[in-house]
1. Scan (1) under 20 Å from L108 (Cβ atoms); (2) in contact with a helix residue (DSSP H, G or I) (Cβ under 6 Å, 6 or more places away or on another chain) for the single condition K5 breaks and write down its number.
2. Which residue pairs have Cβ atoms under 7 Å apart, sit 6 or more places apart or on different chains, and have a first residue in the range 113-125 that is open to solvent by 60 Å² or more (accessible area, probe 1.4 Å) and a second that is not in a helix (DSSP H, G or I)?
3. Test T221 against the criterion of being in a helix (DSSP H, G or I), closer than 23 Å to A136 by Cβ, open to solvent by 30 Å² or more (accessible area, probe 1.4 Å) and without any contact (Cβ under 8 Å) to a residue 12 or more places away in the chain, and give yes or no.
4. Under 7 Å by Cβ, and 6 or more places apart or on different chains, what pairs join a residue from the range 130-158 that is on the phi > 0 side of the Ramachandran plot with one that is surrounded by 13 or more Cβ atoms within 10 Å (Cβ to Cβ)?
5. Among residues belonging to the range 188-211 that are of a type in the set (D, E) and surrounded by fewer than 15 Cβ atoms within 10 Å (Cβ to Cβ), point out the one that is modelled with the highest pLDDT.
Amino acid sequence: MSREKQLFSNALSKLQERKKTTDREAYEPLIEQAEALLQKCTTDEVIMDTGNESLSELYFLTAELLFGYDLAVRFATHSKSLTNEARTLEYYHKAIALEDKEEYSYALWNFLSTAGHRAEGIAVLEHFIERTGGTAKILSQAAEYILMYADSEDTKTIQKSLEYFYRAIEMEPNRYETYWAFWTDLEEAVDVCPQLYKEAFLCLEKLIALSLPETSKNHDTLQNRYFDLALIYIKTKDYEKALETVKKGLAICNHDYGNRLIIEIFMKLNRFEEAIPYCLNRIGALLNEQKSNPSLAKAFFDLAHCYHMTSQPNLAAKYYLAFENGQDIVPQEYRNEYLYYDKRSRSLLGRLKKMLRNMGNAIGSLFRKS
C-alpha cells in the first residue's frame with residue numbers, strides 16, 4: 001500500500017470512529033475535516049491511489065455527517081428545511097456513482113424522504129432495483145413506501161408495490177422486517193382496498209410464525225400479532241376465527257386491546273352473556289390505572305348493553321347512568337338504550353319524590369289531627 005493511500009485510510013477510519021462517539025449537533029468539526037480530506041483527494045490527484053471504494057466511503061460519510069447535523073439543527077430550531085440539502089445530495093450521488101451499495105441507496109432514500117422529496121426517494125429505490133435486481137431490504141422498503149402513498153383506485157401502483165413485496169419475501173422468506181413493514185401499511189389500506197386482505201393475512205400469519213419461538217427477538221410482541229390478526233378476521237366478518245385467534249393472544253397477555261376485541265366479537269356473535277366477564281375485567285383493569293381514561297366510558301356502556309341484551313335492566317341502568325354527562329359521551333349505537341334508561345330513571349325518581357311528598361303530607365296530617 002502506498003504512503004498516500006495509507007494516510008488516507010487512517011484519516012478515513014479516524015473520522016468514521018469519531019462519528020460513532022460524537023453527538024449530531026457537534027458534527028461541524030468532523031464535516032470540515034471530511035470535506036478537507038475530499039478536497040485533498042481531488043486536487044492532489046490521488047484518487048486512483050485511494051481506490052473507488054475508499055473514496056466512496058468518504059463521500060458517504062460526509063453526506064451522513066451533513067444530514068445528521070442538519071437533523072440536529074432542524075430539531076433544535078423547529079425548522080422544516082435541511083440547511084445543507086444540496087451538498088448532502090451531491091455527496092450521496094458521488095458515493096453511489098463510485099460504489100453501487102444497498103446501504104448508500106437506502107440512506108439516500110431516507111434523506112430524500114426526510115427532505116420531503118417523496119417521488120425522488122421512490123425513484124432512488126427503483127433505480128437501485130433496476131440496476132442490481134434489488135435486495136430484500138430495498139425491495140421491502142420500496143413496496144412499503146409505494147403502498148403508503150398509493151391511491152386506493154390506482155391499481156397499477158398497488159400492483160407494483162405487491163410485486164416488490166413478493167420479490168422481497170422470495171429472496172428472504174423469513175425476514176421479519178419485510179412482513180412487519182408491509183403490514184403497517186396494510187393495516188389501514190385494507191379498509192379502502194379489500195383486495196389486499198390476502199396480503200394482510202399472509203403478513204400476520206408469517207409474523208406470528210416467526211415470533212413463536214421463545215428465542216425470537218419479537219417473541220414478546222406475539223400477543224399483539226394475534227390481536228392484529230383477530231381484527232382482520234373481524235373486518236372480514238369471520239367472527240369464529242377472530243374469537244379463536246384473540247383467545248390465543250389473551251392466553252399470553254391479558255391486554256386491554258385483546259379484551260376490547262373479544263367483547264366486540266362476542267357482541268357480534270350475539271353472545272352477550274359471555275362478553276360480561278370480559279367487560280367487568282376490563283373495567284376493573286382500567287379503574288386500577290387510577291387515571292382518567294376515555295376507554296372507561298366505552299367499557300361501561302358495553303357492559304350496560306350486554307346487561308340490557310340479557311334482560312338485566314337494573315344492572316344495565318347502573319352502568320348506563322354511571323356518568324353524569326352520559327348523554328354527551330355514549331356511543332351512537334347505544335344512544336336509544338341510554339335514553340330509555342335515562343328516561344326510566346327520571347320517571348322512577350319522580351315517582352319516588354311524589355311518594356315521599358305524599359308520605360310527608362300524611363304524617364303532617366296525623367300530627368295536625370293530634
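1. (1)
2. R118/Y149
3. Values: in a helix (DSSP H, G or I): yes; closer than 23 Å to A136 by Cβ: yes; open to solvent by 30 Å² or more (accessible area, probe 1.4 Å): yes; without any contact (Cβ under 8 Å) to a residue 12 or more places away in the chain: yes.
When the stated conditions are applied, T221 passes them.
4. G134/F128; G134/R167
5. Here is the first cut: in the range 188-211, the ones of a type in the set (D, E) are 188, 191, 199, 205.
When the remaining residues are screened for being surrounded by fewer than 15 Cβ atoms within 10 Å (Cβ to Cβ), the result is 188, 191, 205.
Working: E188: 90, D191: 93, E205: 98.
Filtering first and then ranking leaves E205.
For (1) free of Cβ contacts under 8 Å to residues at least 12 places away in the same chain; (2) not polar (S, T, N, Q), each residue gets a yes or a no:
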| site | (1), (2) |
| --- | --- |
| V246 | no, yes |
| R271 | yes, yes |
| A275 | no, yes |
| N281 | no, no |
| L286 | no, yes |
| F300 | no, yes |
| L303 | no, yes |
| S311 | yes, no |
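The values are calculated or read from the model by the stated rules, or taken from the named source; none is laboratory data. If you're wondering where the values come from, they're calculated on a predicted model, not measured in any experiment. Positions of Cβ are backbone-derived with ideal geometry, glycine not excepted, and every protein chain shown enters the neighbour counts. Note: accessible area is taken over every heavy atom of the protein model, side chains too, but ligands, DNA and RNA are not part of it. Shrake-Rupley method; radii C 1.70, N 1.55, O 1.52, S 1.80 Å.
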